[in-house]
1. Of the cross-linked pairs Lys54/Lys101; Lys56/Lys107; Lys62/Lys138, which ones have a Cα-Cα span greater than 25 Å in the structure shown?
2. Subtracting the Cα-Cα distance from 0.36 nm times the residue separation, let me have the gained length for Ile38 to Ile142 in nm, one decimal.
3. Specify, per residue and in Å³, the volume enclosed by the convex hull of the alpha carbon atoms belonging to segment 67-147.
4. With a cap of 16 neighbouring Cβ atoms within 10 Å, and only residues DSSP puts in a loop, list the trypsin sites (Lys or Arg not before Pro) found in segment 59-121.
5. For the residue pair Ile158 and Asn120, what label-to-label distance in nm results when each label sits 7 Å from Cα along the Cα-to-beta-carbon direction?
6. Roughly speaking, what is the stretch gain from Phe149 to Lys58, that is 0.36 nm per residue apart minus the C-alpha to C-alpha distance, in nm to one decimal?
Amino acid sequence: MGADKPYMSKVTTNTKSSTVWPFLIVATCFLIGIALIIGVLLKKEAPSPELQPKEKAKLEQKIREIDDSEQYALIANNNGWYPCLHSGRSSYYLLKGEIWKYGVTSKGQFGRYTVKFLRNNNVSYIIEFKGNMAECLKMEQIKLFNYPFLPENMTRPINDRLPRPPYNPIMR
């Protein structure tokens, strides 16, 4: 009676193949995270940017120039008329040895003026003070502010006295 043949009913399981995907995604993210952390820890430090040797030499030269500056005067070589930049005249009469201009440079005499300029203007370059740029600028200002009281300026007739040397156009 039907007992000889067992009846097997089909059993269905509710396992879905889609439950594996979240596990795989989490595992993949975990492995990528570990790989990134290991990569950061093992990564060699990149060298810091550096100046090229040519640029480094330029910088060192500029620093040397700032440290080794000079305050100078351009002095009249002979009695005569010299260009004037501020007194309402185009020229001014100077005696030999009088100041025509005060200045500061970090380039030295021939870095600042050409031989032709000095010869054409009939002046000599005389170093009055050496130091760093700030010290030289201070000394120049002292000289410029005291120029009206120099004996060479005080011996001139009152109307011919100058507030600064003829070739210094402005007070800085």
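Read-outs throughout are calculated quantities, based only on the coordinates presented, and are distinct from any laboratory measurement. Small disclaimer: the values here were computed from a predicted structure and weren't measured. Counting neighbours? That spans all protein chains shown, and the Cβs are built from the backbone with ideal geometry, glycine included.
1. Pairs exceeding the cut-off: Lys54/Lys101.
2. Separation in residues times 0.36 nm, less the Cα-Cα distance, equals 30.9 nm.
3. Cα-based convex hull of segment 67-147, divided per residue, equals 84 Å³.
4. Answer by residue number: Arg89, Lys96, Lys107.
5. The answer from the label model is 3.9 nm.
6. Gain on extension, Phe149 to Lys58, equals 28.6 nm.
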